[in-house]
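The next block holds one structure in the form of structure tokens; read it before the comments.
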Amino acid sequence: MFCPLVTLIYVSLILPCLLCLFLLHKYITAELHCYKDNILSLHCCIVNCKPLIYYEKNQCKFLKFMCSNPTSSSSRHPHPHHLPHRTTSVLSKLLFAAPNSPLQYPIQGFTVQPLTTTHIPGMSVCIVTQGTICRFEVFILHNKIKKRSHVTIITKTFLRYTELKVLLNSIRQFYSNIEVIIADDSFEPEHITGEHIRHYIMPPAQGWFAGRNLAVSQVTTKYFLWVDDDFVFTENTKIEKMVEVMEAVPELDVVGGSVQGNQFYFSILYEQGEEMEGGCLYRKSKGKFHSLPGYPECYLASGVVNFFLARTDAVQRVGFDPKLQRVAHSEFFMDGLGSLMVATCGQVSIGHQPKTGKNPDAARYAKFRASSRSDNTFKLLLHFFKNHLKCIRYG
């Protein structure tokens, strides 16, 4: 919106305004920066054509130009004080630092979300000349980051190179540049090479959770996607949909999908027992809680299937107990009970490779895969001494 030129009388009012715009680029007496957290807005005026403030930053640009009379109604351009704040505490109240020749800026009360374009209330540069205000409204623009760059795919392999290569080929069919981390404790390791693939060879037969710990420890992205080495990516394996849910609900730590149409998930309930005996855990298959706001197809749960997207730092804090070498999955979510917020979303799925008989180590692998009675007894003893549990019941 430009200053209206009705009569020649207004020329004397507009010329000083334009002169100020010219001087604004010549004289710089102060500079303000876009802080990393973007918790800043400005309201500063240049009075009587004196360029007292210049706002400059690579991602901050002047997008609008508007002139208006200070006595006119401001209903056409109201400041968006009605925008919702992230908290309702006293810190949500918009407070401005006292103007100082004549710089003024808020010291609390408004937060700019990353990766979005946001209009900050009061953020402007003003020029006042004989009753006419020429105003620039300033926006902060952010370059959006591709969501796939936030994710690393990780897996653990043992004596299943035939299946692993099928998995890697399927990943590259849909995600050509995504990072893949492989933890490998096979007896005679093969070297897996390729672009954006990191292959970590462990001592032989260290176990399921030891491999998970190694893989997760090498993740440098915000999220990781866990897959088993005999899975296969399909057209329905859309990592970006899982990232969307995690970004929309930042309290979430794990989001699970479905494997071959099986949306396995469960709830865990804890019943406190006597001080000397310990309590009991009840793991209920298909147990879930309420749906996620904005995602009615997703539900909170206590644990999910072996295909999940997780927040790296949250999982690193919980970890995988390396004492559990063979069959172990629910135990990770038991250790994370009370620390991890978990959800299941069935609309994202991954395939499971059929048994083809092409793996020469299949029989050898099966011996290590099956758990013995001593393994189950050790698992119960571990739960008692580590988590003070006298029983675990499955339903």
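The values are calculated or read from the model by the stated rules, or taken from the named source; none is laboratory data. For clarity, every value in this text was computed on a predicted model and none was experimentally measured. Backbone-built Cβ (ideal geometry, glycine too); neighbour counts: all protein chains shown. Side chains are part of the model used for accessible areas, which takes the heavy atoms of the whole protein and leaves out ligands, DNA and RNA. Shrake-Rupley method; radii C 1.70, N 1.55, O 1.52, S 1.80 Å.
Taking the condition open to solvent by 10 Å² or more (accessible area, probe 1.4 Å), at pLDDT 95 or above and either farther than 27 Å from K355 by Cβ or in contact with a Leu (Cβ under 7 Å, 6 or more places away or on another chain) (or both), does M242 pass?
Spelling it out, it is not the case that M242 is open to solvent by 10 Å² or more (accessible area, probe 1.4 Å), at pLDDT 95 or above and either farther than 27 Å from K355 by Cβ or in contact with a Leu (Cβ under 7 Å, 6 or more places away or on another chain) (or both).
Residue-by-condition table, conditions (1) crowded, with 17+ Cβ neighbours inside 10 Å; (2) touching a helix residue (DSSP H, G or I) at 6+ places or on another chain (Cβ under 8 Å); (3) modelled with pLDDT of 85 or more; (4) assigned to a helix (DSSP H, G or I):
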{"site": "V327", "(1), (2), (3), (4)": "no, yes, no, no"}
{"site": "S339", "(1), (2), (3), (4)": "no, yes, yes, no"}
{"site": "Q347", "(1), (2), (3), (4)": "no, yes, yes, no"}
{"site": "L382", "(1), (2), (3), (4)": "no, no, yes, yes"}
{"site": "R393", "(1), (2), (3), (4)": "no, no, yes, no"}
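So if I check each of G257, G261, G211, which one is closer than 18 Å to F333 by Cα and touching a Gly at 6+ places or on another chain (Cβ under 9 Å)?
G257
Taking into account only those residues within segment 257-310 that are of a type in the set (D, E) and part of a loop (DSSP other than H, G, I, E, B), which is modelled with the lowest pLDDT? Step through it out loud before you land on a result.
Of the residues in segment 257-310, the ones of a type in the set (D, E) are 271, 274-275, 277, 297.
Filter again for part of a loop (DSSP other than H, G, I, E, B), leaving 274-275, 277.
On the way: E274: 87, E275: 83, E277: 86.
Once the filter is applied, the top-ranked residue is E275.
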- Within segment 260-300, track down each residue that is over 30 Å from K355 (Cβ atoms), out of contact with any helix residue (DSSP H, G or I) (no Cβ under 9 Å at 6 or more places or on another chain) and of a type in the set (F, W, Y). Y270, Y282, F289, Y299
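Return the only residue of F289, F308 being buried (at least 17 other Cβ atoms within 10 Å of the Cβ) and either aromatic (F, W, Y) or within 23 Å of F385 (Cα to Cα) (or both).
Working: F289 fails: buried (at least 17 other Cβ atoms within 10 Å of the Cβ).
After ruling out the rest, the residue left standing is F308.
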- Is it true that some residue in segment 259-278 is free of Cβ contacts under 8 Å to residues at least 60 places away in the same chain and open to solvent by less than 50 Å² (accessible area, probe 1.4 Å)? yes
- Cβ-Cβ below 6 Å, separation at least six or inter-chain, first residue in segment 225-246 and of a type in the set (D, E, K, R), second assigned to a helix (DSSP H, G or I) and open to solvent by 50 Å² or more (accessible area, probe 1.4 Å): which pairs? E240/K147
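Name the residues in segment 279-292 that are in contact (Cβ under 8 Å) with a residue 60 or more places away in the chain and not aromatic (F, W, Y), would you? Give the derivation first.
Keep residues of segment 279-292 that are in contact (Cβ under 8 Å) with a residue 60 or more places away in the chain, which gives 279-285.
Passing the criteria: G279, C280, L281, R283, K284, S285.
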- Please determine, by comparing only the residues of segment 185-227 that are under 22 Å from the mean Cα position of the chain (by Cα) and assigned to a strand (DSSP E or B), which one is nearest to I239 (Cα to Cα). L225
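Looking only at residues that are of a type in the set (A, V, I, L, M, F, W, C) and either in contact with a helix residue (DSSP H, G or I) (Cβ under 8 Å, 6 or more places away or on another chain) or surrounded by 14 or more Cβ atoms within 10 Å (Cβ to Cβ) (or both) in segment 357-379, which one is farthest from L269 (Cα to Cα)?
Let us first name the residues in segment 357-379 that are of a type in the set (A, V, I, L, M, F, W, C), namely 362-363, 366, 368, 370, 378.
From what is left, the residues that are either in contact with a helix residue (DSSP H, G or I) (Cβ under 8 Å, 6 or more places away or on another chain) or surrounded by 14 or more Cβ atoms within 10 Å (Cβ to Cβ) (or both) are 362, 368, 378.
Details: A362: 37, F368: 31, F378: 22 Å.
Of everything passing the filter in segment 357-379, A362 is farthest from L269 (Cα to Cα).
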